[in-house]
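Worksheet for the structure shown next.
The values are calculated or read from the model by the stated rules, or taken from the named source; none is laboratory data. Bear in mind the structure is a predicted one, so any value in this text is a computation, not a measurement. Here Cβ is always computed from backbone atoms with ideal geometry, including for glycine, and neighbour counts include all displayed protein chains. SASA here: full protein model, heavy atoms, side chains in, ligands and nucleic acids out. Shrake-Rupley method; radii C 1.70, N 1.55, O 1.52, S 1.80 Å.
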Amino acid sequence: MIARILKIVLPLVVLAGAGGASAWLIMSKEEPKARPPEDRRPLVEVVSTAKTDTRLEVSVYGTVRPRTEIVVVPQVSGRVDHVSPTLREGGFFPKGEVLLKIDDRDYRLAVTQAKAGIAQAKAQLDRERAEAGIAKREWEKYGKGEPNDLVLRKPQVAQAEANLASAEATLESAKLSLERTVIEAPYAGRVRSRSVDLGQFVAVGTPVATIYATDFAEVRLAIPDDRVAFLDLPLTHSYAHPDTETDGGTGPEVRLVAVFGGEEVEWRGRIVRTAAELDPKTRVVYVVVRVRDPYGLESGSRTPLLIGTYVRGIIPGRASKDVVVLPGGALVDRDRVLVADDEDRIRFRTVKVLARRNDEVIVSGGLDAGERVIVTPIEFAVDGAKVRVAKGEGTDR
């Protein structure tokens, strides 16, 4: 009987204990703390704008080329019997250097023959003049009326004079050919290439070398048409007189920069002329910059500006007022920036990009002094969206 009662009572006691424990746990549970709503506004950095005056610079690129370059060709034929040691690729030579000599024996013989021809022509002329004198005296003594030209031997004298003039011209031509057996350097320069050697037979007009002058080098720079307005660059005249060999130009000074051995090297040149027209395909204007003594042959203390070097030309421009200098990363869509207004909302501003300088960009228009320009990239920027501005940002640049 007792065992039967225990079977009924024990489960009830266990259930009652479990219910009491559950009630105690529920009553002793702490109330959950309320979490603040998550701030999903993007965190951005800003810079405060300041108006300033600056002088713009335009950076463009070009390749160094010779100011003067020619292909050397002989004007007479013959065997080469002398080649200057300087006539080799990369060799330097002074003005007047004898670069090449052609065997001149045939040409010296031609000069001797031409001199003999002159002696014969002079003897013939003297004879004809003497005979003309005799004919005139005989006519005066025995003739009647006016004598004709044949009687006075005028055609024969004229023929003899023409023969003498022809002989003299032949001598001059022979002397000129003899002079042309020696090819001298027309200027101080350097050899680009050579295609002749000692003992080789060369014909008239056969290229034997390519040389260029070393007194000046030139760089042709392409300036986009939308940058021309920033430069004081008259397009209607040349800065260098074409007849002045030593003229380095009087145009604006240009800095030319290239990298040699991991280091930037700079040269100075001047704009000497501009192209005749705007390129209709690329919309650029070409200017030519001239650099004096590119190899440092006069100073002897500068890095040579080698022909073919790709350089960056930095051209000083006009002074610009009330511009804003911003980090390059502030630009959005090439001509827009994002501004955080007084309520920390995004506002779009359209600006005019005047120039880029290192990691900065110079703009005008669209911004007032003291505005906060966002420099943090925002993937999906919406006008009017709120942002969080990082503390300590917004100092004047």
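Put the Cα centre of segment 165-191 next to the Cα centre of segment 317-372 and the gap is 67 Å. For the pair residue 119 and residue 264, the difference between a 0.36 nm per residue extended length and the Cα-Cα distance amounts to 45.2 nm. Placing R0 at 45 angstrom, the Cβ-Cβ distance between residue 161 and residue 277 gives a FRET efficiency of 0.25 after rounding to 0.05. Near residue 93, once Lys and Arg are set to +1 and Asp and Glu to -1 for all other residues with Cβ below 11 Å from its Cβ, the sum equals +1.
Take segment 52-170 with all the other protein chains still there, run a 1.4 Å probe, and you get 62 Å² of accessible area per residue. Report the one residue of 287, 323, 259 whose Cα lies farthest in the direction of the positive end of the charge dipole of segment 247-397 (charges on C-beta: Lys and Arg +1, Asp and Glu -1; origin at the Cα centre). Farthest towards the positive pole: 287. Placing pseudo-labels 7 Å out from each Cα toward the beta carbon at residue 352 and residue 142 gives an inter-label distance of 10.4 nm. Could you pull out which residues in segment 262-277 have an amide N less than 14 Å from a spot 7 Å beyond the Cα of residue 220, following the Cα-Cβ vector? Answer for segment 262-277: 273-277.
What a 1.4 Å probe finds exposed on segment 248-369 is 43% carbon and sulfur by accessible area, rounded to a whole percent. Taking a straight line from the alpha carbon of residue 175, these lysines sit under 23 Å away, with near neighbours fewer than eight places off in the same chain left out: 95, 101, 115, 122. Near residue 317, once Lys and Arg are set to +1 and Asp and Glu to -1 for all other residues with Cβ below 9 Å from its Cβ, the sum equals +1.
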